[in-house]
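Chemist: First, the structure itself, so that you have it in front of you.
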Amino acid sequence: MKILRILLVLVLLGFSFSHGAHTNLDILRTIKLLGEVTDVYGTPLEGAEIRIVNIDNLPATTDEDGFYQMYRGFNSGILIVRVSKPGYRTKVKPNIIVHSDGPREFTVNCTLEVDP
């Protein structure tokens with residue numbers, strides 16, 4: 001009886017995967033996000049955090065020259081990127097469109113204003 005239950009579960013799982021259900025390995029392709037974060041005078045901001053909030057919210061951090069790059073698994077849709085640094089106003093870039101058959105590298109530069 002136990003073997004029949006296991007076989008039934010395996011058959012149902014196989015059916016669901018063959019009819020449109022996807023694993024993360026099936027649908028996720030790597031995207032690269034890179035850019036520069038500066039203040040309003042063009043000075044590079046070291047230590048700014050860049051997050052793709054609708055994917056995983058794990059930050060990339062700018063280097064001493066204000067540059068960053070990050071890689072994430074994402075197939076298609078709209079990315080929402082948040083850039084923040086203590087002492088500056090947080091900026092959100094909400095409409096980075098990723099097509100499954102389009103470019104996989106996106107440059108997102110950002111200028112932060114001092115938080116009064």
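Every residue, every condition in (1) small (Gly, Ala, Ser); (2) more than 13 Å from residue 88 (Cβ to Cβ), yes or no:
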site	(1), (2)
28	no, yes
32	no, yes
38	no, no
42	yes, yes
47	yes, no
54	no, yes
60	yes, yes
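Chemist: Continuing with the same structure: Has the stretch 30-40 got any residue that is surrounded by fewer than 13 Cβ atoms within 10 Å (Cβ to Cβ) and at pLDDT 85 or above?
Modeler: yes
Chemist: Next question. Within the group 58, 79, which residue is out of contact with any Pro (no Cβ under 7 Å at 6 or more places or on another chain) and open to solvent by less than 30 Å² (accessible area, probe 1.4 Å)?
Modeler: Result of the check over 58, 79: 79.
Chemist: Let me ask another. Within the stretch 43-55, how many residues are open to solvent by 30 Å² or more (accessible area, probe 1.4 Å) and either in a strand (DSSP E or B) or modelled with pLDDT under 95 (or both)?
Modeler: 6
Chemist: If you check every pair at least six apart or on different chains, which have Cβ atoms under 9 Å apart with a residue in the stretch 49-76 that is in contact (Cβ under 8 Å) with a residue 12 or more places away in the chain and within 24 Å of residue 39 (Cβ to Cβ) first and a residue that is assigned to a loop (DSSP other than H, G, I, E, B) and among the polar types (S, T, N, Q) second?
Modeler: Partner pairs satisfying both residue conditions: 49/62; 50/62; 51/57; 66/43; 68/62.
Chemist: Within the stretch 82-94, how many residues are outside any loop (DSSP other than H, G, I, E, B) and either modelled with pLDDT of 95 or more or among the acidic types (Asp, Glu) (or both)? Spell out the reasoning first.
Modeler: Keep residues of the stretch 82-94 that are outside any loop (DSSP other than H, G, I, E, B), which gives 82-84, 88, 91-94.
Imposing the further condition that a residue be either modelled with pLDDT of 95 or more or among the acidic types (Asp, Glu) (or both) reduces the set to 82-84, 88, 91-92.
So the answer is 6.
Chemist: Name the residues in the stretch 95-111 that are part of a strand (DSSP E or B) and under 15 Å from residue 68 (Cα atoms), would you?
Modeler: Restricting attention to the stretch 95-111, the residues satisfying the condition of being part of a strand (DSSP E or B) are 95-98, 105-107, 110-111.
If the condition is that a residue be part of a strand (DSSP E or B) and under 15 Å from residue 68 (Cα atoms), then 105, 106, 107, 110, 111 are the ones that fit.
Chemist: Identify all residues within the stretch 61-76 that are aromatic (Phe, Trp, Tyr), under 13 Å from residue 106 (Cα atoms) and open to solvent by 60 Å² or more (accessible area, probe 1.4 Å); write none if there are none.
Modeler: The one that is aromatic (Phe, Trp, Tyr), under 13 Å from residue 106 (Cα atoms) and open to solvent by 60 Å² or more (accessible area, probe 1.4 Å): 71.
Chemist: Moving on. Does residue 87 count as out of contact with any Gly (no Cβ under 9 Å at 6 or more places or on another chain) and within 25 Å of residue 38 (Cβ to Cβ)? So that I can check it myself, show each step before the final result.
Modeler: Working: out of contact with any Gly (no Cβ under 9 Å at 6 or more places or on another chain): yes; within 25 Å of residue 38 (Cβ to Cβ): yes.
Yes; evaluated as a whole, the condition is true for this residue.
The values are calculated or read from the model by the stated rules, or taken from the named source; none is laboratory data. Every value quoted in this text rests on a predicted model; they were computed, and no experiment measured them. When we count neighbours, we look across all protein chains shown, and the Cβ atoms used for this are built from the backbone with ideal geometry, even at glycine. Accessible surface is based on the protein model in full, side chains and every heavy atom, while ligands, DNA and RNA are left aside. Shrake-Rupley method; radii C 1.70, N 1.55, O 1.52, S 1.80 Å.
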